[in-house]
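In what follows, a structure is listed as structure tokens, so that the remarks can point back to it.
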Amino acid sequence: MKKNSLLIIFLLSSLFSIEPISLIVKKRGNIKFKSSEKSLIFLNVKMNKALFSGNIIKTNNNSFTKIKYLDGLATILSFSKTEFSIEGMFDQKINKKINLINGILKIDIKNDDDGEFRLLTPFSELSCSNCSFWIISELEKGDSFYNISGDVIVKNLINLDELNVIQDSTLFSSNTMGLEYS
């Protein structure tokens, strides 16, 4: 009986020790979130909502949200009809990752160390450490990456081609054409 009680206490304490990784700092329109892929219900988001690793954010028509990681080194702007999960793990810093299902994001990453940011879509994987870029991901068409600044590397997940996104240019990635500049 004592062993069961200790196990329950340990599990409960580990559940409540999960730390938030980001915060909703601006919002316009109807923004929803759910705690994980396993959760069935999307709930309305309020300003200053703390987000945890694995939370899924969804914006509706004419909606916008700005999310800031708690280390202050990354900002995500999410526009209408966008759905993504935000992830991060504390290891002296927040290792950041976004899984974009579809939609439009503008992401700004500023790292003082060798930390790397990753973004995954159904077609592509992006990695960078100090960068600013736009991404438009559409399930029917593929991904469009526009590099504003920094070293941005995109890998097509279908044919495993990999390219640096040239600053002030657009790189397309899809399951039919691989990687291609416009």
Margin query: Can you compute the helix-only [θ] at 222 nm over the chain? Use -39500 (n - 2.57) per DSSP H run of at least 4 residues, normalise by all residues, nearest 500 deg cm²/dmol.
Written below: -2500 deg cm²/dmol
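Starting from the exponent 0.38 and prefactor 2.2 Å, build the expected Rg for the chain from its residue count and divide its actual Cα Rg by it.
My calculation over the Cα atoms of the chain gives 1.12.
Sort Phe42, Phe133 from largest to smallest accessible area, using a 1.4 Å probe on the heavy atoms of the protein chains.
On the way: Phe42 50, Phe133 0 Å².
Per-residue accessible area, sorted high to low, gives Phe42, Phe133.
From largest accessible area down, sort Leu126, Leu43; use a 1.4 Å probe on the protein chains.
On the way: Leu126 0, Leu43 95 Å².
Largest accessible area first, the residues go Leu43, Leu126.
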Check: By how many degrees, 0 to 90 and rounded to 10, does the Cα axis of helix 2-16 deviate from the longest principal axis of the chain?
Finding: 40
Margin query: Placing +1 on the Cβ of each Lys and Arg and -1 on the Cβ of each Asp and Glu in the range 28-182, which of Ile153, Ala74, Asn55 has its Cα farthest towards the positive end of the resulting dipole?
Written below: Asn55
Next item on the list: Towards the positive end of the charge dipole of the chain, with charges on Cβ (+1 Lys, Arg; -1 Asp, Glu), say which of Ser36, Phe123, Asn99 has the farthest Cα.
Entry: Ser36
Next item on the list: List every residue whose amide H lies under 5 Å from the amide H of Ser149, counting only residues 5 or more places away in sequence or on a different chain, with H placed 1.01 Å from N in the peptide plane.
Entry: Ser132
Next item on the list: Give the carbon-plus-sulfur fraction of the accessible surface of the chain in %, rounded to a whole number; probe 1.4 Å, heavy atoms of protein chains only.
Entry: 56
Next item on the list: Averaging sequence separations of C-alpha pairs under 8 Å and six or more residues apart, then dividing by the length of the chain, give the relative contact order as a whole percent.
Entry: 13
Check: When the Karplus curve 6.51 cos²θ - 1.76 cosθ + 1.60 is applied with θ = phi - 60°, which whole-Hz ³J(HN,Hα) does each residue of the range 32-38 get, with x for Gly and Pro?
Finding: 10, 8, 9, 6, 6, 5, 6
Check: In debye to the nearest 20, how big a dipole does the chain give about its Cα centre with +1 on each Lys and Arg Cβ and -1 on each Asp and Glu Cβ?
Finding: 1280
Check: Could you list, bin by bin from short to long, the percent of Cα-Cα pairs of the range 28-113 in 10 Å steps?
Finding: 17, 54, 25, 4
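Roll a 1.4 Å probe over the protein chains and send me the accessible area per residue for the range 42-182 in Å². Present the calculation step by step, with values, prior to reporting the outcome.
Numbers: 6870 Å² over 141 residues.
Per-residue accessible area for the range 42-182 comes out at 49 Å².
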Check: When Lys and Arg each count +1 and Asp and Glu each count -1, what net charge do the other residues less than 13 Å away from Ile166, Cβ to Cβ, add up to?
Finding: -3
Checklist line | Spin-label pair Asn48/Leu70, simplified geometry with 7 Å Cα→Cβ offset, distance in nm | finding: 1.5
Notebook entry, point to check: Top mean-square fluctuation among Gly72, Gly150, Gly142, Gaussian network model of the chain, C-alpha springs under 10 Å?
Noted result: Gly72
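The values are calculated or read from the model by the stated rules, or taken from the named source; none is laboratory data. Everything numeric here is computed off the predicted structure, so don't read it as measured data. Positions of Cβ are backbone-derived with ideal geometry, glycine not excepted, and every protein chain shown enters the neighbour counts. Surface accessibility is based on the protein's heavy atoms, side chains included, excluding ligands, DNA and RNA. Shrake-Rupley method; radii C 1.70, N 1.55, O 1.52, S 1.80 Å.
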